[in-house]
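What follows is one structure encoded as C-alpha coordinates, with my remarks underneath.
The values are calculated or read from the model by the stated rules, or taken from the named source; none is laboratory data. Everything numeric here is computed off the predicted structure, so don't read it as measured data. Positions of Cβ are generated from backbone atoms using ideal geometry, with glycine treated the same way; all protein chains shown enter the neighbour counts. These accessible areas exclude ligands, DNA and RNA; they are computed on the full protein's heavy atoms, side chains included. Shrake-Rupley method; radii C 1.70, N 1.55, O 1.52, S 1.80 Å.
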Amino acid sequence: MARRIGDRPAVTGVRNADIGHREMPFVYRAIEQVRDGRIDLAYRAGGAWTVIDFKTARLANAAEVRTRYSQQMHRYRAVLGALAGEPVSASLC
(Lines give C-alpha, C1' and ligand atoms only; values in the text may rest on other atoms or scores of the structure.)
Protein backbone atom coordinates (compact mmCIF):
# COMPACT_ATOMS: atom_id res chain seq x y z
CA MET A 1 0.00 0.00 0.00
CA ALA A 2 2.79 2.42 0.88
CA ARG A 3 4.32 2.02 -2.59
CA ARG A 4 0.96 2.66 -4.29
CA ILE A 5 0.20 5.87 -2.41
CA GLY A 6 3.68 7.26 -1.83
CA ASP A 7 3.51 9.71 -4.74
CA ARG A 8 0.12 11.27 -3.93
CA PRO A 9 0.41 14.99 -3.06
CA ALA A 10 -1.33 14.67 0.32
CA VAL A 11 1.09 11.92 1.34
CA THR A 12 4.26 13.53 -0.02
CA GLY A 13 3.41 16.71 1.91
CA VAL A 14 4.32 14.95 5.14
CA ARG A 15 7.98 15.17 4.12
CA ASN A 16 7.87 18.95 4.70
CA ALA A 17 5.79 18.81 7.87
CA ASP A 18 6.51 20.93 10.93
CA ILE A 19 4.52 18.47 13.07
CA GLY A 20 3.31 14.97 12.33
CA HIS A 21 1.23 12.43 14.22
CA ARG A 22 0.44 8.80 13.39
CA GLU A 23 -2.51 7.03 15.01
CA MET A 24 -3.40 10.26 16.83
CA PRO A 25 -6.12 9.70 19.44
CA PHE A 26 -8.56 12.49 20.21
CA VAL A 27 -11.41 13.26 22.58
CA TYR A 28 -13.45 16.39 21.95
CA ARG A 29 -16.66 17.71 23.48
CA ALA A 30 -18.94 19.55 21.05
CA ILE A 31 -22.37 20.80 22.14
CA GLU A 32 -23.32 18.12 24.66
CA GLN A 33 -21.66 15.38 22.63
CA VAL A 34 -18.27 13.76 23.18
CA ARG A 35 -16.44 12.70 20.06
CA ASP A 36 -13.48 10.39 20.15
CA GLY A 37 -11.45 8.47 17.65
CA ARG A 38 -8.05 7.95 16.15
CA ILE A 39 -6.70 9.77 13.10
CA ASP A 40 -4.40 7.61 10.96
CA LEU A 41 -2.08 10.46 9.94
CA ALA A 42 -2.18 14.20 10.66
CA TYR A 43 0.53 16.66 9.79
CA ARG A 44 1.05 20.41 9.73
CA ALA A 45 2.94 22.10 6.92
CA GLY A 46 2.87 25.75 5.93
CA GLY A 47 0.37 26.72 8.61
CA ALA A 48 -2.30 24.20 7.61
CA TRP A 49 -3.12 20.68 8.74
CA THR A 50 -3.73 17.65 6.54
CA VAL A 51 -5.54 14.55 7.76
CA ILE A 52 -5.11 11.30 5.85
CA ASP A 53 -7.26 8.30 6.57
CA PHE A 54 -6.17 4.99 5.07
CA LYS A 55 -8.82 2.56 3.85
CA THR A 56 -8.39 -0.93 2.49
CA ALA A 57 -12.03 -1.60 1.57
CA ARG A 58 -12.76 -2.13 -2.10
CA LEU A 59 -15.62 0.14 -3.09
CA ALA A 60 -17.38 0.32 -6.44
CA ASN A 61 -17.02 4.02 -7.20
CA ALA A 62 -16.37 7.52 -5.86
CA ALA A 63 -20.02 8.04 -4.91
CA GLU A 64 -19.90 5.00 -2.62
CA VAL A 65 -16.71 6.30 -1.03
CA ARG A 66 -18.29 9.70 -0.35
CA THR A 67 -21.44 8.10 1.08
CA ARG A 68 -19.54 5.78 3.34
CA TYR A 69 -16.78 8.08 4.65
CA SER A 70 -17.82 11.73 4.22
CA GLN A 71 -19.15 12.11 7.78
CA GLN A 72 -16.00 10.60 9.25
CA MET A 73 -13.76 12.93 7.25
CA HIS A 74 -15.92 15.94 8.15
CA ARG A 75 -15.62 15.00 11.84
CA TYR A 76 -11.83 14.74 11.60
CA ARG A 77 -11.57 18.16 9.90
CA ALA A 78 -13.92 19.77 12.42
CA VAL A 79 -12.25 18.31 15.50
CA LEU A 80 -8.66 18.97 14.46
CA GLY A 81 -9.60 22.44 13.21
CA ALA A 82 -11.21 23.28 16.56
CA LEU A 83 -8.27 21.91 18.54
CA ALA A 84 -5.51 23.42 16.40
CA GLY A 85 -7.21 26.66 15.37
CA GLU A 86 -5.82 26.31 11.85
CA PRO A 87 -7.19 25.17 8.48
CA VAL A 88 -7.53 21.41 7.95
CA SER A 89 -7.90 19.44 4.75
CA ALA A 90 -8.59 15.72 4.64
CA SER A 91 -7.94 12.92 2.17
CA LEU A 92 -8.74 9.26 1.91
CA CYS A 93 -6.11 6.86 0.65
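Just a few scattered comments:
- For V34: the one exception among (1) within 25 Å of A17 (Cβ to Cβ); (2) modelled with pLDDT of 85 or more: (1)
- Residue count for the range 16-41, restricted to those that are β-branched (V, I, T) and either open to solvent by 90 Å² or more (accessible area, probe 1.4 Å) or not in a strand (DSSP E or B) (or both): 2.
- With respect to the conditions (1) surrounded by fewer than 17 Cβ atoms within 10 Å (Cβ to Cβ); (2) not in a strand (DSSP E or B); (3) not aliphatic (A, V, I, L, M), G13 falls short on a single one, namely (1).
- Across the range 28-57, the number of residues qualifying as under 15 Å from the mean Cα position of the chain (by Cα), hydrophobic (A, V, I, L, M, F, W, C) and farther than 13 Å from R77 by Cα comes to 2.
- Test: residue in the range 51-69 that is touching a residue at least 24 places away in the same chain (Cβ under 8 Å), of a type in the set (F, W, Y) and within 26 Å of G20 (Cβ to Cβ): yes
- When residues of the range 42-93 are limited to those that are touching a helix residue (DSSP H, G or I) at 6+ places or on another chain (Cβ under 9 Å) and of a type in the set (S, T, Y), the one most open to solvent (accessible area, probe 1.4 Å): S89
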